[in-house]
1. What helices (runs of 4 or more DSSP H) completely inside region A:103-203 contain at least 3 residues that are at negative phi and either outside the structural domain of A:PHE240 (by TED's automatic domain parsing) or surrounded by fewer than 21 Cβ atoms within 10 Å (Cβ to Cβ) (or both)?
2. Check B:GLY137, B:GLY120, B:GLY147 and return the single one that is more than 12 Å from every other protein chain (Cβ to nearest Cβ), assigned to a helix (DSSP H, G or I) and more than 16 Å from the chain's Cα centre (by Cα).
3. Restricting to region A:88-101, name every residue that is crowded, with 20+ Cβ neighbours inside 10 Å and more than 7 Å from every other protein chain (Cβ to nearest Cβ).
4. Taking B:ASN249 as the residue in question, decide whether it is touching a strand residue (DSSP E or B) at 6+ places or on another chain (Cβ under 8 Å), part of a helix (DSSP H, G or I) and of a type in the set (S, T, N, Q).
5. How about region B:11-37: which of its residues are without any contact (Cβ under 8 Å) to a residue 12 or more places away in the chain and over 26 Å from the mean Cα position of the chain (by Cα)?
6. Do you know which residues across region A:102-136 are small (Gly, Ala, Ser) and facing another protein chain (nearest Cβ under 7 Å)?
7. Please go through region B:204-224 and give me each residue that is surrounded by fewer than 22 Cβ atoms within 10 Å (Cβ to Cβ) and away from chain A (no Cβ under 13 Å), ordered by number.
8. Return the only residue of B:ALA158, B:ALA222 being touching a residue at least 24 places away in the same chain (Cβ under 8 Å), over 18 Å from B:LEU89 (Cα atoms) and assigned by TED's automatic domain parsing to the domain that holds B:SER143.
Amino acid sequence: MDSHLRGSHYISSMKSIENLLPKLVLAPGFVLGFAFIYGFMIWNGVLSMTGSRMLPNYDEFVGLEQYVSLWDMDRWYVALKNLGIFSVLYVGGSMLLGMFLAIFLDQKVRAEGVLRTIYLYPMALSFIVTGTAWKWILNPSLGLEKLMHDLGWESFQFDWLVQSDTAIYCVVIAGIWQSAGFAMALFLAGLRGIDDSIIKAAQIDGASLPRIYWRIILPILRPVVFSTVLVLSHLSIKSFDLVMALTAGGPGYATDVPATFMFVMSFNRGQIGLGAASATMMLATVAAIVVPYLYSELRSKPHDR
Amino acid sequence: MIAKHLSRVLIYSVLLIAACLFLAPLYVMLATSFKDAEQIRAGNLMSIPTSINFESWKLAWSTACTGVDCRGLQPYFWNSVSMAVPAVLISTAWGAVNGYVLSMWKFRGSEVLFGFLLFGVFMPFQVVLLPMSQVLGFLGLSSSVAGLVLVHCLAGMAGTTLFFRNYYTAVPRELVNAARMDGAGFWRIFYRIVIPMSTPIMMVTLIWQFTNIWNDFLFGVAFSGADSKPITVGLNNMANTSSSVKSYNVDMAAAVIAGLPTMLVYVLAGQYFVKGLTAGAVKG
């Protein structure tokens, strides 16, 4: 009796370990992961309310002063304006080009696989690699300008990269070139999910192909358009590498974006508090875009189990 | 009929012109890397190199200067290798275990936990730079490759968990239930049933993580020291070194070297990379 009791106790404690095991396995990862994501978020927030300069200094609490001085800085406005220009053109341009390529590729063309591979290869490269290449291509004297001169267009001038008011558009060009293939891949996946019979039926009704795409296909693709915009726009807010490789924020700080602003303030200028404040602003912007999306994605998903 | 032919011609010409535009920068990089200074000055971006000249590749690999350091890209390349290999393996294994629990051993609140973890895929890492550099200091890992490995594991974990979790969610429940009925435990099911059928998602995740970690610049520039800079940082320093004479051929050779590993992976296993890209966009 006694030993039987002990035995069942042993079995039940084995059972409860077996039940606990998944949670135990998950725990260290999630503790570390959440510390990395949310713990650091709070930590960064705390830092942004200190007067930290070269080194973090938690004794000097200044409240929202760093945010006030951030929004007083001309350089921060330049960064925001550049982000605005870059985001709109980069997201819009990549979407438009990607959509066109996807529609053309979807016309049962030969060598589709090869073409797709070509359109998408920039995504496999580092922005530093492509930025270095674009810097050479857009070089005012030896780059594109010389090519056009040699081709006979003597008056062609292209010095956007070194002019403070146009350099940001060079970043846009390189960014679209890098990401259009990504948008293409997403749209193509969406197009492949559409039943051919819809197009056939519309064709029998006498609708032209452009009209079919504009009036029928595009509305069906709305979720794909939506998630592509979302992914591209959060990428544009985070964009750092391309700017660093192409212009390093220059000339002066003419092509600064929030990500480079944050880095320069925190690591070069000894303005850690200010850098942390700008990081918080970036976080807030990304969260405003992403959180509603994540929420709706997780909500709308039918519970499979 | 003529209209039909015309539209085919139009479609193919648009696609081909686009392909040329996409390939042009790659051509410029390769062509420039084979030219000598004289050819660069005399020719233009698209001009074909008159001879195949590996001089600038040698320079870029072993003797080109970044600042005062004249060892070429070589040390940075190996830093990147010793950073990427462990970080890719650890973050992938970590994601596999997490995804396994989150899909096949769900518990109250596990979906909510997963939802909160997902934000880690999107968050701007600028937020973690300052706290992380302090933590690396506490751990004695500042400016070390080990520190970079740690950062990449933490930063990549949300994404790898997402990949595996979504893949395993599609696995029929009966498979695991039957194994459980037969008395197989948590780890046994994982090793014997789940791992053997994970090859596709394993490939996607490994390739995705490798591409991301190899190409990373933000963590590299923020957390590395003189002896632990990854290749992206080395390349950027080299290309932005302001010397009197700019050797674009060396810069381009360096850029190709830095891009070669991920390019190779893309060419050999592009389908997995594309799956990773699209999986990253379609969540939940």
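The values are calculated or read from the model by the stated rules, or taken from the named source; none is laboratory data. As the structure is a computational prediction, the values presented were derived from the model and not from experiment. Neighbour counts run over all protein chains shown; Cβ positions are idealised from the backbone, glycine included.
1. In region A:103-203, the matching helices (runs of 4 or more DSSP H) lie at A:112-120, A:144-150, A:167-192.
2. Matching residue, one of B:GLY137, B:GLY120, B:GLY147: B:GLY147.
3. A:TYR90, A:VAL91, A:SER94, A:MET95, A:LEU97, A:GLY98, A:MET99
4. no
5. B:ILE11, B:TYR12, B:SER13, B:VAL14, B:LEU15, B:LEU16, B:ILE17
6. Listed by number, the residues that qualify are A:ALA124, A:SER126, A:ALA133.
7. Within region B:204-224, just B:LEU206 meets the criteria.
8. Values: B:ALA158 fails: over 18 Å from B:LEU89 (Cα atoms).
Checking each option against the conditions leaves just B:ALA222.
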